[in-house]
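J.: The structure that follows is given in the form of structure tokens.
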Amino acid sequence: MLRITLRQLRTFEAVARLSSFTAAAKEMHVSQPTVSKQIKVLHEEIGLPLIEQVGKKVFLTEAGEELYATCAEWLNTWGQFEQTIADYKGMKQGTLKISAVTTTKYFMPRILGPFCKQYPGIDIRLEVLNRDRILERLANNEDDLYIMGIPPEDIDVESEAFLPNPLVVLAPLSHPWARQKNIAFEELAHQQFLMRERGSGTRLTIERIFKERGVPLNVRMELGSNEAIKQAVIGGLGLAVLSGSTLSLAEDQSEMCFLDVEGFPIKRNWHIVKVSGKKLSVTAKTFLDFMREHTKLLLPSGE
Ligand code: PGA
């Protein structure tokens, strides 16, 4: 029987997940030598190297990969146990795991700020990734709740709309269509577009809309961030269709405008999603109620 402590496993999981001793030490609020020592003891106990360090880079060996997969599963189960105990005690405390698509970074921190203030015992782990990566996490049941634009059709989920997420066509102020009214959708076939990367929910929606309308979509450039796209629009590299959630009206409207294209803004909503039938912890329920309470006035009635 190996003599391995929970603490060593938590440390190893953090180093493997973050690919860094320094980041793991920071997350665990301990010094870097403490992390190195725990990993060394773990190496000795298991009798095989688990981590290889090349310069500042951290790589897992084959045994390390095995241990990481075991740790992740085991820590998840242990986390659920801790949560169940906290639930039995009726305590609003524990870890809440949320993953959210990239574009939500414009509003999620503003919701989480007051939530954390009201519930200081709840520790939030937020993953911000593009839609495809969030769907992977959802399929593996890795988090309590997921935030995205379009709930998946091929995974059994329960979803709830909580905020508007309109899509708008953005152009630089100098664009010849800037003041034009009622631009026909078909006209977009003659424009070049700046697009998010494949796997993005925004991109998926735009491609679907153009396909439905039978209008070709000319992609001038692919950029991995909404901010980079906005700057490229301002720089005159092309038009973009982005979520209105990415815009800060005062700042952005001094350099960009919305084009009045038929059918736009396309009305959509942000959704909070959970795996069907998943029993939510008290912390996840508390968060869901908080979201409903704080966003209900912002959603158009009837949704
Ligand atoms: P994205 O998702 O940030 O991956 O583009 C946005 C959405 O789902 O609407």
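J.: Keeping all protein chains in the complex and leaving out DNA, RNA and ligands, what accessible area do you get for R137 with a 1.4 Å probe, in Å² to the nearest 10?
T.: Taking all protein chains as shown, R137 has close to 40 Å².
J.: How much length is gained on full extension from D123 to V30, taking 0.36 nm per residue of separation minus their Cα-Cα distance?
T.: Working: separation 93, 0.36 × 93 = 33.48 nm, distance 1.78 nm.
Between D123 and V30, full extension yields an extra 31.7 nm.
J.: Measure off, as a whole percent, the carbon and sulfur share of the 1.4 Å-probe accessible area of segment 73-232, all protein chains present. Walk me through the numbers on the way to the answer.
T.: Details: 4110 of 8500 Å².
The value for segment 73-232 is 48 percent carbon and sulfur by accessible area.
J.: Right, another one. Roughly how many Å² is the accessible area per residue of segment 11-115, as a whole number, for a 1.4 Å probe? Walk me through the numbers on the way to the answer.
T.: Working: 6010 Å² over 105 residues.
Per residue, segment 11-115 has an accessible area of 57 Å².
J.: Just by accessible area at a 1.4 angstrom probe, what is the order of I39, I266 from largest to smallest?
T.: Numbers: I39 5, I266 35 Å².
Largest accessible area first, the residues go I266, I39.
J.: Please report the net charge: other residues with Cβ closer than 13 Å to the Cβ of R203, K and R +1, D and E -1.
T.: Values: positive: R131, R196, R198, R208, K211; negative: D132, E197, E207, E222.
Result for the local shell: +1.
J.: Return, for the Cα atoms of the chain, the radius of gyration and Dmax in Å, separated by a comma.
T.: So, for the chain, Rg and Dmax equal 23.0, 75 Å respectively.
J.: Over the Cα atoms of segment 99-248, what Rg and Dmax result, in angstrom?
T.: When restricted to Cα atoms, segment 99-248 yields Rg and Dmax of 17.2, 54 Å.
J.: If you don't mind, another one. Can you list the GluC sites (Glu not before Pro) in segment 186-215 that are in a DSSP coil and have 13 or fewer other beta carbons within 10 angstrom?
T.: Values: sites: E186, E187, E197, E207, E212; in loops: E197.
Counting only loop positions with at most 13 other Cβ atoms within 10 Å, none of the GluC sites (Glu not before Pro) in segment 186-215 qualifies.
J.: Rank K37, K274 by accessible area, highest first, at a 1.4 Å probe radius? Could the numbers behind the result be given before it?
T.: On the way: K37 140, K274 30 Å².
Solvent-accessible surface, decreasing: K37, K274.
J.: Using θ = phi - 60° and the Karplus curve 6.51 cos²θ - 1.76 cosθ + 1.60, what whole-Hz ³J(HN,Hα) does each residue of segment 132-137 get, with Gly and Pro shown as x?
T.: For segment 132-137, the Karplus-derived couplings read 4, 5, 5, 5, 4, 5 Hz, x marking Gly and Pro.
J.: If you count only protein heavy atoms and use a 1.4 Å probe, how large is the accessible surface of E73, to the nearest 10 Å²?
T.: 140
J.: How would you rank 10-19, 173-182, highest first, on the average number of other Cβ atoms within 10 Å across their residues? Spell out each step's value before the answer.
T.: Working: 10-19: 20.1, 173-182: 11.1.
Ranking, from highest mean packing down: 10-19, 173-182.
J.: Report the Rg/Rh value for segment 187-303, based on alpha-carbon coordinates and the Kirkwood definition of Rh.
T.: Values: Rg = 17.4 Å, Rh = 16.8 Å.
Value, to two decimals: 1.04.
J.: Using Cα centres only, tell me the gap between segment 235-274 and segment 22-62 in whole Å.
T.: Segment 235-274 and segment 22-62 have Cα centres separated by 44 Å.
J.: Probe of 1.4 angstrom, ligands and nucleic acids ignored: what's the accessible area per residue over segment 167-258, in square angstrom?
T.: Working: 4540 Å² over 92 residues.
Dividing the accessible area of segment 167-258 by its residue count gives 49 Å².
J.: Sticking with this structure for a sec: Normalised radius of gyration for segment 1-91, please: alpha carbon Rg relative to 2.2 N^0.38 Å, two decimal places. It would help to have the intermediate numbers written out before the result.
T.: Details: Rg = 14.1 Å, N = 91, 2.2 N^0.38 = 12.2 Å.
Here the Cα radius of gyration is 1.15 times the empirical estimate.
The values are calculated or read from the model by the stated rules, or taken from the named source; none is laboratory data. All of these numbers come straight from a predicted model, not from anything done at the bench. Here Cβ is always computed from backbone atoms with ideal geometry, including for glycine, and neighbour counts include all displayed protein chains. Keep in mind that these areas ignore ligands, DNA and RNA; they rest on the heavy atoms of the full protein, side chains included. Shrake-Rupley method; radii C 1.70, N 1.55, O 1.52, S 1.80 Å.
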